[in-house]
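See below for the structure under consideration.
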Amino acid sequence: MTASERPLTAMIGLPDGPPDCAAYGRAGGWQAVRRALRDMTPDAVIDLVTASKLRGRGGAGFGTGQKWSFVPKDPAATRRKYLIANADEMEPGTFKDRLLLEGNPLQLIEGMIVAGYAIQAGHGVIFLRGEYHLALDRLNQAIAEAHEVGWLGDNILGSGFGFEIHVHASGGRYICGEETALLTALEGRRAQPRSKPPFPQVGGLWGAPSVVNNVETLCNLPHIVTNGADWFRALGIGPDSGTKIYGVSGRVRRPGAWELPMGTPLREIVEHHAGGLRDGYRLRALLPGGASTAFLDAGQIDVAMEYGAVEKAGSRLGTGLAILLDDRTCPVGMLHNLEHFFAQESCGWCTPCRDGLPWVERLLQAIESGTGQPDDLDRLHDHARLLGPMGRTFCAHAPGAMAPLASGLNLFREDFEAHIRQRRCPLHATA
Amino acid sequence: MSTADPTLPPELRDRITGLARAEHRPRAAAISALTLVQDQFGWVSDPHLAETASLLGMSPADLDGIATYFNLIFRRPVGRHVIMLCDSVSCWIMGRDAVCARLQARLGIRPGETTPDGAVTLLPIVCLGHCDHAPAMLVDRTLHGDLDAETAERLADTLRTPAP
């Protein structure tokens, strides 16, 4: 593959570490800032990104240009506006944004300048999870250097547009990745989601128009502005544009993450790039894009990893990093682990999520440890049915938690029944 | 205690005040201020919390509501080193329970506890984004991956050498 075919990671993994401003420029960086700020109006940047069909890489897959288009178009600098990079990568099984943050922080910075210019926001914030210490050091170093060289600050390239970035190192909690909870955290409050409307684009941080974009989404922008919308659309194999950082964890020979054309078949990712399952293990099922996506059966491995195809298969592309369940790992134990996470990370604001998720966790623990009752399965189905659909709870946390549960109850019905019948975990008993 | 009886060193007070001034509203500096206190003292005590709150123009209860919401802010003392062992799904599949059991046995503590010599606190943590090197753990600011019971135990042993 050539650098132009994997634009996001072309400068990542170099022996000298992440490029500095000069090296970044020599390798093709900064062209997008030059082009956007000198030759394009903010609306032209929005139109270009809309035409590129870039969709959010954080999990929801919303059109980036469309998201920006809701920001009120006041005359520049008459109002505070914010462009926020969501670097709160906490979806279990996901390790793509850390790669981009540590590997090439200037690419994110350039993407943020472009996005900030498009929506005419002077303030950039990177909301970084607190455990990413190396990323924090590298981001702060890159921001300081970019400021010194003049890529950040007032009147960039004499364009009249000024942009500043600061990093917020979070105090933890998965819910901060939800964009309204993220804004609440930035305001120095307990990170509970907000009701919408108002949407952040209209009334976000401190009530000001704000756009929250995922790190991988923002890192695509310099390449779109530099190479054009047609080039970007052509990178994808199917209906979706661009490349995607895919990944695989679990019992495969070579767990990892790879930048591949959007729409790459899951089988190619698992078998070719990850090297297939380790000797002695067979693929049973998988979560295609993080903990909050529904299980796909091993027989569905030929699905193309793009938004529509994965949805048609009954799940979501999510973050695009798959977690594999092998035939020697207990699916009930795996679900218990997942629901423990979701129960712990509920913000506690709304009752169905705060009380329902721990109930689910306890039922799964009972079944896994051999004390489950037959009607426990009915209670689990009840929760999947009642908490699953969007709109029954305050935010998408509980529906996300129910995605693996609802699909797992159907896919692993025999495993659940065997646990209850034998009063033990059949896999642990024979292991 | 009262704010007239400060326990935070003056330079730390100045840094917190500076953080608060740089924000749109002082309370936005809550997490970064608590993190500064914790970096210096290892945790956030009641007097330090109250004093930080006063520097941010908040009530202690208001700031404590934030401090106790976010899991990376410690409101109880921790050891000189903190091990955060991932307990999320990829690390679980790859054997984090066996790593945890060995660490517990070697350190003589359960998750959430500190060794009696004050050297090590063992905590569970959600996915560290190191799933291609599962099981993973964070020791203070350093990420370690591809762990098994033996490598984790050796790492833990290096943390228990006497404090300088």
Q: Throw me the Rg/Rh for segment A:331-430, computed over C-alpha atoms with Kirkwood Rh, two decimals.
A: 0.98
Q: Find, among the trypsin sites (Lys or Arg not before Pro) in segment A:377-423, those assigned to loop by DSSP (not H, G, I, E, B) with at most 14 other beta-carbon atoms within 10 angstrom.
A: A:Arg423
(Q) Using Cβ counts within 10 Å as a stand-in for footprinting exposure, how do B:Asp132, A:Asp97, A:Asp20 rank, fewest first? (A) A:Asp20, B:Asp132, A:Asp97
Q | Relative pair counts by distance (%), Cα atoms of segment A:243-326, 10 Å bins | A | 21, 60, 18, 0
Q) Mind checking the dipole of the protein assembly as shown: about its Cα centre, +1 per Lys or Arg Cβ, -1 per Asp or Glu Cβ, Debye to the nearest 20? A) 640 debye
Q. What nm value, rounded to one decimal, do you get for the distance between B:Ala22 and A:Met390 when each label is placed 7 Å out toward the C-beta?
A. 3.7 nm
Q.
As a test of the formula, what do you get for chain A when each DSSP H run with n ≥ 4 contributes -39,500 (n - 2.57) and the sum is divided by the residue count, at 222 nm and rounded to the nearest 500 deg cm²/dmol?
A. -12500 deg cm²/dmol
Q. Based on the Kirkwood radius over alpha-carbon pairs, what is the Stokes-Einstein translational diffusion coefficient of segment B:10-67 at 4 °C with 1.567 mPa s viscosity, in µm²/s?
A. 119 µm²/s
Q) Over 20 Å between Cα atoms, which of A:Lys96/A:Lys196; A:Lys96/A:Lys312; A:Lys67/A:Lys196; A:Lys67/A:Lys312 qualify? A) A:Lys96/A:Lys196; A:Lys96/A:Lys312; A:Lys67/A:Lys312
Q | Least to most buried among A:His428, B:His133 (fewest other Cβ within 10 Å first) | A | A:His428, B:His133
Q: In Å and from the alpha-carbon atoms only, list the Rg and Dmax of segment B:81-158.
A: 11.1, 34
Q | Within-10-Å neighbourhood charge of A:Tyr246 [Cβ basis; K, R +1; D, E -1] | A | 0
Q) What is the set of long-range amide H partners of A:Val202 at a cut-off below 5 Å, with H atoms built 1.01 Å from backbone N? A) A:Ser210
**Q.** Relative exposure of A:Val303, A:Val248, A:Val332, judged by other C-beta atoms within 10 Å (fewest first)
**A.** A:Val303, A:Val332, A:Val248
Q: Find out how many positive minus negative residues lie around B:Ala67, taking Lys and Arg as positive, Asp and Glu as negative, among other residues whose Cβ is under 15 Å from that of B:Ala67.
A: +1
**Q.** Kirkwood hydrodynamic radius of segment B:1-114, Cα pairs, Å
**A.** 15.8 Å
(Q) I want to verify a result. In a Gaussian network model of chain A, Cα cutoff 10 Å, which of these has the top mean-square fluctuation: A:Gly158, A:Gly356, A:Gly250? (A) A:Gly158
Q: Stick to the Cα atoms of chain A, pair each with every other, and give me the Kirkwood hydrodynamic radius in Å at one decimal.
A: 22.4 Å
Q: Enumerate the amide H contacts of B:Val120 below 5 Å, restricted to partners 5 or more residues apart or on another chain; note that Pro and chain-start residues carry no placed amide H.
A: B:Arg80, B:His81, B:Thr115
Q. So for segment A:32-81, what percent of the C-alpha to C-alpha distances run longer than 12 Å?
A. 68 percent
**Q.** Loop-located chymotrypsin sites (Phe, Trp or Tyr not before Pro) in segment A:362-420, at most 12 other Cβ atoms within 10 Å (DSSP)
**A.** none
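Laboratory data are not the source of any read-out in this text; all were calculated from the coordinates shown. Computed from a predicted structure; not experimentally measured. Glycine also receives a Cβ, built like all others from the backbone with ideal geometry; neighbour counts cover every protein chain displayed.
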